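I have placed the structure first, in the form of structure tokens, so that the comments after it can refer back to it.
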Amino acid sequence: MRIYLMRHGETDWNKARRLQGQSDVPLNEFGIELAIKTAEGLKNVDFDAAFSSPLKRALVTAQTVLGDREVPLVTDERLMEMNFGQSEGQGFDPMKQNPEHPLYAFLCKPECYAPTDGGESIGQAKKRAADFLRDRIFPLEKSCRNVLIVAHGALNRCILNPIAGIPDKDFWKIGLPNCAVSILSLENGKLEILEESKVYYDIPVNGRP
């Protein structure tokens, strides 16, 4: 089975380098364009199942990619972006320059990150991502060939990093631009990354915070 794990298209907050988290920010015009180009790149993939974060930037991206395919699109809250509490909406660059900021460690020393403002830890996000895979994806191995999952930058890393053996200190090692598609295989209950962060447009945008 092939799993197409995709990040959503661009939003105005992506463009402005603001932390989104679970704030429900919509795609901007360019983000819709990226989703359309990615849909064209994936037009020959016959998806048997599709899942999305319920946040509209991911949901609209998934709907765009699926187009007129008669494939049910299932939303699952476990695919929502990491929750960053009161820091959502703030700019990445000031946070990275201030060691006293609650999100400084997440961005610069992720292995030390311990949320203090109502946010979610990397471990908590990894657990719900793993729970989603166990409950929704692994049971499909014998019945599906291609599955689409559309989610978010940090959440997708919570899926990819454990598969690749990447520790939390290198949380940002994998670049995930908007609409990047990582192709995974699932065989006999084992996940493997076949292709990492493929984009179907010219110049990748917003790959890392």
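Just checking, how many residues over the stretch 7-26 are outside any loop (DSSP other than H, G, I, E, B) and either farther than 19 Å from Pro102 by Cα or polar (S, T, N, Q) (or both)?
6
Name the residue, out of Lys169, Lys142, that is modelled with pLDDT under 95 and either surrounded by fewer than 17 Cβ atoms within 10 Å (Cβ to Cβ) or farther than 25 Å from Glu33 by Cβ (or both).
Lys142
Please list, ordered by first then second residue, the pairs with beta carbon atoms under 9 Å, 6 or more apart or interchain, first in the stretch 33-55 and closer than 15 Å to Val150 by Cα, second part of a loop (DSSP other than H, G, I, E, B) and of a type in the set (S, T, N, Q).
Partner pairs satisfying both residue conditions: Leu34/Asn178; Ala35/Asn178; Asp48/Ser143; Ala49/Ser143; Leu55/Gln20; Leu55/Gln22; Leu55/Ser23.
Got at least one residue in the stretch 68-86 being among the polar types (S, T, N, Q) and modelled with pLDDT under 95?
yes
Only one of Gly118, Gly153, Gly123, Gly165 is closer than 16 Å to Gly21 by Cβ and out of contact with any Pro (no Cβ under 9 Å at 6 or more places or on another chain). Can you tell me which?
After applying the criteria, what remains is Gly118.
What is the residue count in the stretch 86-132 for residues that are of a type outside the set (Lys, Arg) and closer than 25 Å to Phe51 by Cα?
Residues that pass the stated criteria total 12.
When you go through (1) closer than 20 Å to Gly207 by Cα; (2) surrounded by fewer than 17 Cβ atoms within 10 Å (Cβ to Cβ) one by one for Leu55, which number turns out not to apply?
(2)
Which of the following residues is farther than 20 Å from Thr11 by Cβ and in contact with a Ser or Thr (Cβ under 9 Å, 6 or more places away or on another chain): Arg78, Arg128?
Testing whether each residue is farther than 20 Å from Thr11 by Cβ and in contact with a Ser or Thr (Cβ under 9 Å, 6 or more places away or on another chain) leaves just Arg78.
Suppose we filter the stretch 59-70 for residues that are of a type outside the set (Ser, Thr, Tyr) and either crowded, with 17+ Cβ neighbours inside 10 Å or in a helix (DSSP H, G or I) (or both); how many remain?
6
The values are calculated or read from the model by the stated rules, or taken from the named source; none is laboratory data. If you're wondering where the values come from, they're calculated on a predicted model, not measured in any experiment. Cβ coordinates were reconstructed from backbone atoms using ideal geometry, including for glycine residues, and neighbour counts include every protein chain displayed.
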